[in-house]
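Please read the structure below before turning to the comments.
The values are calculated or read from the model by the stated rules, or taken from the named source; none is laboratory data. Quick caveat: nothing in here was measured; it's all calculated off a predicted structure. No Cβ is skipped: glycine too gets one built from the backbone with ideal geometry, and neighbour counts run over all protein chains shown. We work out accessible area using only protein heavy atoms, side chains counted, and drop any ligands, DNA or RNA first. Shrake-Rupley method; radii C 1.70, N 1.55, O 1.52, S 1.80 Å.
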Amino acid sequence: MMLDFTANGNDSSKKLRVEDRMESPPSRVLHIRKLPSEVSETEVIALGLPFGKVTNILMLKGKNQAFLELGTEEAAVTMVNYYTAVMPQVRNVPVFIQFSNHKELKTDSTLNQRAQAVLQAVSAVQDGGSPNSDNSMLDSVLAHAPSPVLRIIIDNMFYPVTLDVLQQIFSKFGTVMKIITFTKNNQFQALLQFSEPVNAQQARLSLDGQNIYNSCCTLRIDFSKLVNLNVKYNNDKSRDYTRPELPAGDGQPAVDPAMAAAYNKDSSLLGTPSGMGAPYSNGGGFQSSLSQGGGAINPMSAAAAAAAAAGRMALSGHSGCSGVLLVSNLNEEMVTPQSLFTLFGVYGDAQRVKILYNKKDSALIQMSDGNQAQLAMSHLNGQKMYGKIIRVTLSKHQAVQLPREGLDDQGLTKDFTNSPLHRFKKPGSKNFQNIFPPSATLHLSNVPEDVTEEDLRLLFSNAGGIVKAFKFFQGHKMALLQMSTVEEAIQALMDLHNYDMGSNHHLKVSFSKSTI
């Protein structure tokens, strides 16, 4: 074995604070501590799967620790950032994850044979292939499944998960015959029956612990004691795909009308909507591993965003979640409370912003509630702002304190509670339907009639950057304007949202899902 474990800080009695974890130099090897003693390799690998390819693993059973190597440093950084905000658990036990001092894992292949076999099995299932049946080690991983029926629990359910979404995700592993969904103990659950038990085993191995959408809707999958489901109705709660003739049931429409109205025809839950690049594919963003084949699964359907931002949906396990974000790695020469308020205001109503006095590359931002904080974190963590990739995590603070009366804090803290620029104050506002990831294309509205394309091109190129394309629509009131990079679009939005165009017209700027 070629690793020195003492260098990795085995004093697991000290819980690392958010700020401490971010100080360690990044590495694609992660050190995981305080694992339950009976933990399996598959469970440890599952921690890393949503973030990309897991390339190596080393279990230290006697020490309740493991090392996990990811394919890229970016994936490891995203994983640490995510688990800093959302406490990782294995078998309901909190575990601690930090960067290792090792840049890669060099493991003795004979001693680490079982872990390598598990890794190969998981990779094979993830890549859509069949594990090599000649290998007895792999056979033991894909042991005979007890049932073709899986029980699925969805944690952190920020966005609605429909029966059709489950069918699309699970049918990659075999024929889905029946699904029943229900809510139990305030948790959304489903029973899903495959035609063969081995398909259920492969789906469980590949999908357990994965997120359906960006940073949320986590799948917890186990085998059901049932071996056959009895479905009486085909509607939005249950479906028997082998019996399309079943009735919808008493007073139960085939599709919930509220859901149908909310999901407008342009939105797409799975795959990438037409004309839109796959979201979250940049290094720091959180790339869902469920994006098999077609683009990333798009979490931002209009209805989902509206429900999350407006706090309409019960948050499983996050109802007491703080609305305060810690933003770090800021460009301290350029950043202001106003620019942070404008950018984070795209995803919720920022109430207070505080740039830290002794650490001016970090700031605290208080959103209206935990939902909006989660939404902003999922979209802005890993984005580039003023030339630096920013990190966004949930803060341990419950609120941002204002400076004491008469104390000059050099304008580093600003209270925006009564700002007229909040986008989400009005219930049912159209802004709820227009929440999209940062993109190079900006949506402009409230454009005065006498303003020309040339005026707007000049205005946005002066903000720093190159305007690549432009298009007026809805007469002359709105426009799409494409910058050459997402970073330029972020800067333009911060500089020009609410820009006074004269004759009492203030320009409204947001990110667009369209391209020109």
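With respect to the conditions (1) over 26 Å from VAL353 (Cα atoms); (2) open to solvent by 60 Å² or more (accessible area, probe 1.4 Å); (3) over 32 Å from the mean Cα position of the chain (by Cα), LYS471 falls short on a single one, namely (3).
Among the residues of the stretch 368-419, those identified as over 13 Å from GLY323 (Cβ atoms), among the hydroxyl-bearing types (Ser, Thr, Tyr) and surrounded by fewer than 21 Cβ atoms within 10 Å (Cβ to Cβ) are TYR386, THR413, SER419. Counted as qualifying within the stretch 108-184 are the helices (runs of 4 or more DSSP H) with 3 or more residues that are modelled with pLDDT of 65 or more, namely 113-126, 163-170.
Filtering the stretch 356-367 to residues that are surrounded by fewer than 24 Cβ atoms within 10 Å (Cβ to Cβ) and among the β-branched types (Val, Ile, Thr) leaves nothing.
Output the number of residues of the stretch 422-442 satisfying the condition of being in a loop (DSSP other than H, G, I, E, B) and at pLDDT 90 or above. Residues flagged as in a loop (DSSP other than H, G, I, E, B) and at pLDDT 90 or above within the stretch 422-442 amount to 5. The single condition among (1) part of a strand (DSSP E or B); (2) open to solvent by 20 Å² or more (accessible area, probe 1.4 Å) that LEU480 does not meet is (2). Among the residues of the stretch 200-220, is any more than 28 Å from ALA76 (Cβ to Cβ), modelled with pLDDT of 65 or more and either part of a loop (DSSP other than H, G, I, E, B) or in contact with a strand residue (DSSP E or B) (Cβ under 6 Å, 6 or more places away or on another chain) (or both)? Taking every residue of the stretch 200-220 in turn, at least one turns out to be more than 28 Å from ALA76 (Cβ to Cβ), modelled with pLDDT of 65 or more and either part of a loop (DSSP other than H, G, I, E, B) or in contact with a strand residue (DSSP E or B) (Cβ under 6 Å, 6 or more places away or on another chain) (or both).
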